[in-house]
Each structure stands twice: as C-alpha cells, then as structure tokens.
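Below: one structure, written as structure tokens.
The values are calculated or read from the model by the stated rules, or taken from the named source; none is laboratory data. Note that the structure is predicted; figures quoted are calculated from it, not measured. Methodologically, a virtual Cβ is constructed for each residue, glycine included, from the backbone with ideal geometry; neighbour enumeration extends over all protein chains shown.
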Amino acid sequence: MRPDHFDSWLTVDRRGLYCRPGGFYVDPHGAVERAVISHGHSDHARPGHQHVLATKETLAVMRARLGSPAQRGTQALAYGKGLKIGDVAVTLIPAGHVLGSAQVLIEWKGVRAVVSGDYKRSADPTCPGFEITPCNLFITEATFALPVFQHGNAQDEVTKLLKSVAQFPDRAHAVGVYGLGKCQRLIALLRAAGYDHPIYLHGALQECCDLYESFGVTLGTLKPATGPKRDELTGQIVLAPPSAIADRWSRRLPDPITAFASGWMRVRARARQQGIELPLVISDHADWRELTETIAETGAEEVWVTHGREDALLHHIQSTGKRGRALALIGREDEDQ
Amino acid sequence: MKSFSALLDRLAYTPSRNDKIRLLSDYFANTPDPDRGYALAALTDGLFFRLPLRRILGELIEARVDPVLFGLSRDYVGDTAETIALIWPAEGRGQEPLRLATVVETVQSAHPMEFPSLLTKWLDQLDATERWALLKLLTGALRVGVSARLAKTALAEWSAKPLADIEEVWHGLSPPYLELFAWLSGEGPRPSMEGRAVFRPLMLSHQIEDRELAVIDPADFIAEWKWDGIRVQAAHQAGERRLFSRTGDDISASFPDVVQTLPEGVVLDGELLVMRGYEVAPFNDLQQRVNRKSVTPAMLKSHPAHIRLYDILFEGDEDLRPLPFIERRKRLEAWHQVHAPSRTDVSSIVDFVSIAELEKLWAGARETGIEGLMLKRRDSPYLAGRPKGHWYKWKRAPLLIDAVLMYAQRGSGKRSSYYSDYTFGTWRDGDGGEPELVPVGKSYFGFTDEELKELDRWIRNNTVDSFGPVRQVEPKLVFEVAFDSVHRSTRHKSGVAMRFPRIHRIRWDKPAEEADRLETLTALIVD
C-alpha cells in the first residue's frame, strides 16, 4: 500500500468501495463487518452490516426504513468531527443531498480522499449545504453527468406548479416525489412560495416527513391523502411515490394532473414515457456544471466516478488533464432520489 | 418568448383536448398584441421561415460544445433541436425579455447572412424552455398536438363568439391577426369578408338512429350516396382559388388539379376523391395525396383528384345558403351544366319511394367508394355546424372480425392508470406451420368505462411481459373488432391496415383459437 497510489489502499470488490488501512467499506452493496454510510437512500444504506458509522440523521433514517441500521453497533458522527479508525481519520462533511447526507473524508498518511456520496450544490432548506473539501482523490457520483442537465432554479418549478393549480382549480395535482428528501424539499419550497394549504400525502411518505420534523425541519400542515372524500382533494396538491401517481392508487383523486419532481424531467422523452403532464425539474443531485465545478474546486489530481453517466464525465476529466477512472459499482440505481 | 414557451411546453405534455383549450384561452386572454397573434399563426401553421436552420445550428454548436459530449447528449435526449436547447451554454439572465413578435418580425426581414449572429444572440439570452420553443418556431413545425380547429375553438371559448363566425373570417386575415383580436376582445368590428374566397363553415349531418328512420316521411327527404373521401369546400372568389377541408384548413396546395379548373364566382361543397376514369379509388389512395404538402407531377398522374359536388353556397355574389336544399340542388345542376369544370361531377340522387326500398339499397352498397347513404331534408337551408333534424348519414354496417388481444398500453390523461390502448392480432401459420398471432390493428375506444375497468383488471392478471408502458398479455381474450374497411399496407407486419377499428364487443366467452385468421381479413380488401 502506498498513499499516493490510491488504488493500493482504496479498492473495489463486489461488495463496494473498501478502505484497506481502515478496514471499512463506504456505502457497500453487500453486508459487511464495518460500513460508513453517506446517506439513507436504499441504494447506499443497505441492511445487514455488523457496524455502521453515519450521521445521527442518517442512522435515524436507517432505523425508520430498515428497522435496525446494524446487527451489532452503530456510531453517530457529527459533521466536521474527525474520528480515528486505526491510522485512518474519517470526517463526515455536509453533502447537501438529503437530511443527514455526508461526504466521507478519509485521511491516511497525509493523503486526502473524499467520497462524495450523492450531492448537490444548489440551496435546500431541509439540509445543510455542500461544503468543498480540498483533497487529492475525489470520488464523485455522476447521476446527471451530461451537459444537457442544468437543473435551474427549483423555486421557478414550484411557481409553475402553483400556476397550474390556479389554472385548473377543479382538479387535483398528483406530484410524484421520492420519499426521502425530494418530498420534504418540495414541501419546504411550496411553503417558501407562500403556499399554506394542507399538503396531502400518500401513506408511504408520512414517516420520513415526521422524521424531518423531529430534526427541526418545519413542513406545515400535512394530511393523509387516503381517507378524505374525493371532493376535499379538488384543487389540492397531493404528493405520492412516483410508482403510485400513474397507477391505480391515483384513481381515488379527482381528475388528477400528474406531475413529477425529478432532474430527469429536463428531458422530454423521459417525461413523456412516464405519461407525466407537468414535469418539474427539481433534483437533489448535482447537475453538469455543479459536477465539473466541484471537481475543479476540490483541487483533486485524480477523480473516480462511481455511478451514472460516467462516459461523459470521464471525457471531461481527462480533457482537463486529470486522471479519471470509472468504478462501476454494482447495485447503484439510476434514480434521482 | 417566456409565456409562449411556457404555453408550448404545457401543450406538449397535455393530452386532454379540454385542458389544451383552457391553456390556449388563458394565453390569448393574458398576452398582448401582436405576440398572441403570432403565437396563433405559429400554432395554426401560418408562419413560414426560409432559413437553413440545421446547417446554422450545426456550425454554432460545434464552436461551443465538445463534439464527444454533444454526441453522448444527443444519444441520450434523442432529438437534436432539444439537445441544442438544453446544452447551450448560456445564462439567460440580465437582458431585456425577448418578445415573440420581435423574433418573428426580425427573422422575416433579416438578411440570411445575419441569421447566425441573431440566433446566437437569442439563444444566449433565453432559458432552456425558451430556446426549445424558439427552435421549434423556426423549424415551422410545433407538433404540440394543436390543430387549427382546436386553436379556433379556444378563441371561441375565450371570446364567447361562435366558432362558425371565427372560421368564416379566418382565411381573410393574416398574422398577427390584429383585426381578429380587436373584434374578439370587443374592441373592434367584425372583420368584413364580403366577396372574399374565405371558408364558410360546413353543414354537417347526424348519424341516423333506428327510431328516427322509422318515423321520417320519405316525401320530405332526398337520398344521395355518401362517398368515401374527404368533405371539402371549393371556392373561387375575388380572384382567389381555395380548397378547404371540413375544419377550414386550406389544402389548395396539395390539390392543384381540382383547384385550377374552378371558374370565378362560386363556392361549392363536395367530396374530394381520387378517381381513375369513372372509378372511385380506395380511400387509401386519397390519403397518400393528403399527406403531401406539395404534389409531384407523377402523383398528379397516378392519383388524380376529383370533386363530387353535393351543394352550392354562393353563385357570383349571391348567397344561396338561405334557400331550401331542393332549390340549391337545381342551381348546382344548372351551374354545372354551364361551366362543367373538368375533374368535377354532381353527386347523383338515389331514387326511392319507401324506407324499406332505401334499406335494401343501403344493405347492398358494398361498392368501393361508398360509405353509406345521406338523407337530406328537401327544405333545409345550408346551416353551419350540425343542426338537428336536417341531414342524416346512414353509414353502411361495419365489417367485423374476431381478433385476439396481444398487447395493452397505458392511456393518457384520465386513463393514465388504465391499460386502455389495445393491439390485437389474428392467426396465421408460422414458419414451422404452428399457428401464430400477427398484430392487425390497434384501438382505444368502443368499450364502456365499466368494461375498461374489467379489461384493466384482466390485463394486470394476465401479463406475461412488460416494456415500459406496454404489457404483453396471454393470448386468451377475444375482441369482436368493428371497422369500416381494410387496405393493403407495407408498413405493417401483417400487410393490412384497418380503417377506424373499434372494440365492438368483448368476447369473454370465446376461446382464442376460434378467433379469425389473417386470410379472413385480407379477403375483405377492396383495391
């Protein structure tokens, strides 16, 4: 193992990315002895590990979703506090993706590697913002790594939604959102735009909202969408998991307009394919500019790309004179969560 | 461009006709002149720009975006113009908002040499949705699912003026339609169309019902064959020759052969057909002419158009529409005697004494080119729209076939949670001699809401595979499919294409093996 040969001490096997001198994996796909978890989405936070290290928010998410975050023990680490694991120092740094999301800084013998997890640079009232961490090796996500992805201002998309609600007062607006992060961010954006009606939720979204509120994120009046009479939902905004908005669940809603809040909605074919009538480009991932600027700002001499459209990002990285490498981790979903 | 692009964006994703009308009428209500007039022109195919857009864009993008990244993006997005709109590296901030009218007027008057720099300037200052709308506008094909008819319906909705009145003035006006909007918003008089070759809204018929057929008095009605073509209005007034479709679209350019021979001072109603000698060609042949914006000499020769005349609306300056049908018919025959323009004839009257006799004629009508019978009151004036009790159509009985459901696709809008679009097939012998199903048609109507629920449930329980919004089902359910006719088609695997297929009955009881074979369908081809 040589610190300046990154792949001698940070290796990839079928369970994921492994730090040899620290003896732990970051966001492993399979069950392992020790795991550092960047955030609570299910393709990063898997069940079955013996020991888990994460922010207390992420541990709470894992407890809510998996029952128990680890078989033997959990350890909460606050943002910015270093922890020694053997000769390795681990620090969690806000990633701005969802509540509790962190970049993982790993320092060994004077060399710094940062695993970004999923991240975004644009503002999100429901979680602390991304912080740039200078490093030698930056391991980045690449979900939206094509230059056509420029997410724009999320508040403008909320304005579009509210305009449609005013224009079609006799219909419900069923907005597809992922349960952890997107749901709460959209609610917070609606509140910031002055929307103070109750917001109706599919049953699967309630738990994460309660969790956010328990960590001090206020979301206003939320009501279950199952239960009230159809008429009560006329003219209202109803949030539901993407799979529910165009399927049988939505039949309970009065003549719904189907919307979807996702970075993928920037591409027309994606929206049309899913039968979306009102696409809202709101993403919790970095867009092309954020990815490329972040890579430059970290000052890293080498960049590894974990999952997404790595071809384009690697091409860009190489054109800036840095070394780049695709990790091809298994088990990462092509989703904007 | 902001409100125009927001409108196009919403329209492109909105399947429901009524929702489109609402989006359009809100836009017309809230947008100033002349922008709304240019938007209306763009939506109704009334704007043409001659500029080599592809070449200009290719050169502009090459100078700005790494070709590898552009190629990867283009592959992902699937559409070049959309890729350019999304990838264009610009801020879109800090500038005067660009108006639609500015774009249209500037392009119309600019020298071709100026286009690249103009386009660059605009792409730089617009956001992604506006860039997409700009490129769509300049290509001249918006493709947001709005027909001219729908745009006019929205104008009627917004202004509370009758659609027929709007259609009547439409072709006498041109972008940006200032006179039209002044009238519609109550700030100006109705534009005068006296003596102009403009579209006069057509008189349409109702499907006759059995109980009506039982009570009508044969002495009050005249019968004609209902020809299987396209209903048109041909006009030559004030030096303008025009051919309009039923919905008021100007289709003169596609049919010069019938337009050129029209003498001055007349407005006629008739059926556009392709005729070879005295033979009416199948509807399919006409379809091939309709689909072309400009027509080649070869096409004119192989697919000659013809108008079979039903009615006369104007002769000289005289408006004949208030006259009874029987009087207009005499005027039509007399006019045709005098002028007899080539490529026209007068649709003949079908003599009958009793309804029973007529019923016999109707049942025997299987000849190519005949869709059924028309019954017209002798005393009907020519009334715009579909007035009750005047004209009846009596379509001949549909053809029927038993086909097996193969694939089901999710619907759109209200039906987005239902599998409501069905592809069905008939049997034929496969390569190994085993019977196999080959798709012969697709339909999404003909069934009740109750049946749709049952079908949706059946499909979910009998899915064998799924591809995106499409499910392949076990070949077990038989549909009795009704259709008007069947034609040869090189675009379909089965080699046939059905006209107006609809789900006539769901044969829950019938075993799939007993559904029809492909040969049954090919035997019904009339070519």
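Exactly one residue out of A:LEU211, A:LEU219 is at pLDDT 95 or above, in a helix (DSSP H, G or I) and not assigned by TED's automatic domain parsing to the domain that holds A:GLN103: that is A:LEU211.
Scanning the range B:428-482 for residues that are touching a residue at least 12 places away in the same chain (Cβ under 8 Å), out of contact with any helix residue (DSSP H, G or I) (no Cβ under 7 Å at 6 or more places or on another chain) and among the aliphatic types (A, V, I, L, M) returns B:LEU437, B:LEU452, B:LEU455, B:ILE459, B:VAL470, B:VAL481, B:ALA482.
Here are some residues: A:SER262, A:SER243. Which one is away from chain B (no Cβ under 12 Å), under 23 Å from the mean Cα position of the chain (by Cα) and either crowded, with 24+ Cβ neighbours inside 10 Å or under 28 Å from A:LYS160 (Cα atoms) (or both)?
Numbers: A:SER243 fails: away from chain B (no Cβ under 12 Å).
Matching residue, one of A:SER262, A:SER243: A:SER262.
For B:ARG149, the conditions (1) surrounded by fewer than 18 Cβ atoms within 10 Å (Cβ to Cβ); (2) under 29 Å from B:TYR177 (Cβ atoms); (3) within 12 Å of chain A (Cβ to nearest Cβ); (4) charged (D, E, K, R) all hold with the exception of (3).
Evaluating B:GLU514 against the criteria (1) surrounded by 17 or more Cβ atoms within 10 Å (Cβ to Cβ); (2) more than 32 Å from the chain's Cα centre (by Cα) leaves one unmet condition, (1). Among the residues of this structure, B:PHE49 does not count as one that is touching a residue at least 40 places away in the same chain (Cβ under 8 Å), closer than 22 Å to B:ILE166 by Cα and either among the aromatic types (Phe, Trp, Tyr) or in contact with a Gly (Cβ under 6 Å, 6 or more places away or on another chain) (or both). Give me the residue from the range A:123-153 that is within 14 Å of another protein chain (Cβ to nearest Cβ), farther than 17 Å from A:GLU297 by Cβ and not β-branched (Val, Ile, Thr) and, out of that set, surrounded by the fewest Cβ atoms within 10 Å (Cβ to Cβ). Out of the qualifying residues, it is A:ASN153. Scanning the range A:265-290 for residues that are in a loop (DSSP other than H, G, I, E, B) and over 17 Å from the mean Cα position of the chain (by Cα) turns up A:VAL267, A:GLN274, A:GLY275, A:ILE276, A:GLU277. The one condition from (1) surrounded by 15 or more Cβ atoms within 10 Å (Cβ to Cβ); (2) within 30 Å of B:GLY389 (Cα to Cα) that B:ASP217 does not meet is (1).
Annotation note: of B:GLY78, B:GLY145, the sole residue that is without any contact (Cβ under 8 Å) to a residue 12 or more places away in the chain and touching a helix residue (DSSP H, G or I) at 6+ places or on another chain (Cβ under 7 Å) is B:GLY78.
Listed residues B:SER205, B:SER192, B:SER159, B:SER174; which is polar (S, T, N, Q), surrounded by 15 or more Cβ atoms within 10 Å (Cβ to Cβ) and more than 30 Å from B:ALA223 (Cα to Cα)? Step through it out loud before you land on a result.
On the way: B:SER205 fails: more than 30 Å from B:ALA223 (Cα to Cα); B:SER192 fails: surrounded by 15 or more Cβ atoms within 10 Å (Cβ to Cβ); B:SER174 fails: surrounded by 15 or more Cβ atoms within 10 Å (Cβ to Cβ).
B:SER159 is the lone residue from the list that is polar (S, T, N, Q), surrounded by 15 or more Cβ atoms within 10 Å (Cβ to Cβ) and more than 30 Å from B:ALA223 (Cα to Cα).
Any residue at all in the range B:256-278 that's over 27 Å from B:VAL338 (Cα atoms) and in contact (Cβ under 8 Å) with a residue 24 or more places away in the chain? No: zero hits. Note on the range B:272-286: among residues that are more than 12 Å from B:SER485 (Cβ to Cβ) and not hydrophobic (A, V, I, L, M, F, W, C), the one that is modelled with the highest pLDDT is B:ARG276.
Among the helices (runs of 4 or more DSSP H) contained in the range B:5-105, which hold 3 or more residues that are at pLDDT 95 or above and touching an Asp or Glu at 6+ places or on another chain (Cβ under 9 Å)?
Numbers: elements: B:17-30, B:35-43, B:53-64, B:67-77, B:80-87.
Ranges flagged: B:17-30.
A:LYS163 falls short on exactly one of the conditions (1) over 23 Å from B:ASN30 (Cα atoms); (2) free of Cβ contacts under 8 Å to residues at least 24 places away in the same chain, and that condition is (1). Name the single residue, out of those in the range A:291-315 being in contact (Cβ under 8 Å) with a residue 60 or more places away in the chain, surrounded by fewer than 24 Cβ atoms within 10 Å (Cβ to Cβ) and within 14 Å of chain B (Cβ to nearest Cβ), that is nearest to the chain's Cα centre (by Cα). The extreme case among them is A:GLY308.
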